[in-house]
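None of the figures in this text is laboratory data; all of them are computed from the coordinates on show. These numbers come from a predicted model, not from an experiment. Glycine gets a Cβ as well: all are built from the backbone with ideal geometry, and neighbour counts include every protein chain shown.
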Amino acid sequence: MDIRFLGHAAFTLTEGDAVVLIDPFLTGNPKAAVSADELNPTTILLTHGHPDHVGDAVAIAKRTGAPVMATTELAGELAEEGIETIGPNYGGSHSFDWGVAKYFPAWHDSSTPAGKANHPAGIRIEIGGAVVYHAGDTCLFSDLQLVGRAGPVDVAILPIGGHFTMDRHDAVVAADFIGAKTIIPCHYDTFPPIETDANAFATDIQNTLDATAVVLEPGASHTV
Ligand code: NI
Ligand code: MN
């Protein structure tokens with residue numbers, strides 16, 4: 001299973017014919033590794049309704065027919081665009097032909113593109129025999145421990161840029177809570193307020209936990 005970082009919080013998880021696209025903010029993203037029309041996902045997963053996460057989801061879904069999974073209110077609103085949506089809430093999961101995606105809480109604020117309140121989430125994803133947790137935009141909070149209690153996580157994708165999310169120091173604690181052996185940082189260096197030192201984060205993970213941080217340049221991949 002291939003995990004490709006597309007810049008900011010956008011990733012693809014690829015296993016065989018399945019291409020799972022997460023938080024496809026590409027248009028207007030100064031760190032985007034690809035343009036939206038280069039992607040042909042089979043499924044799109046969204047953590048929350050902020051524009052740097054919904055991004056190009058609707059346009060990609062319209063072009064490819066890929067269903068979009070989003071939390072309930074956001075899924076309902078996106079369905080009005082004429083795309084297929086799946087809208088579980090926290091604790092809810094959905095089985096796809098490639099695996100399972102399940103929503104956990106994230107501590108953050110969020111609104112839909114139309115300005116309605118929206119619950120932000122993290123997503124636990126079972127694909128290709130691996131478990132990946134994309135934490136979305138969250139601060140550090142103790143219930144991240146429950147993610148690991150739901151079953152071992154192989155790869156945790158964590159925001160480290162601070163300002164809107166946890167910073168790289170809190171992300172070391174979050175990594176410990178989740179218990180993954182591999183940590184991929186994201187949501188940093190896209191804009192000035194979230195600039196941070198990802199290599200220092202990787203060193204702190206190495207020195208503090210029995211885990212490894214894999215710092216990916218936009219466009220680079222990690223294979224599990
Ligand atoms: Ni956000
Ligand atoms: Mn964000």
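Give the Rg/Rh ratio for the chain, taking Rg as the radius of gyration of the Cα atoms and Rh as the Kirkwood radius, to two decimals.
Computed over Cα atoms, the ratio is 0.93.
Specify which residue in the list T138, L209, P193 is farthest towards the positive end of the charge dipole of segment 2-216, using unit charges on the beta carbon of Lys, Arg (+1) and Asp, Glu (-1), about the Cα centre.
Of the options given, the answer is L209.
Relative contact order for the chain using alpha-carbon pairs under 8 Å, separation at least 6, rounded to a whole percent?
Once normalised by length, the contact order is 17 percent.
Which loop-located GluC sites (Glu not before Pro) does segment 35-126 contain, where loop means any DSSP state but H, G, I, E or B and the Cβ has at most 11 other Cβ atoms within 10 Å?
When the GluC sites (Glu not before Pro) of segment 35-126 are filtered for loop state and at most 11 Cβ neighbours within 10 Å, E80 remain.
Please work out the ratio of the alpha-carbon Rg of segment 1-76 to 2.2 N^0.38 Å and round it to two decimals.
Relative to the 2.2 N^0.38 Å estimate, segment 1-76 comes out at 0.98.
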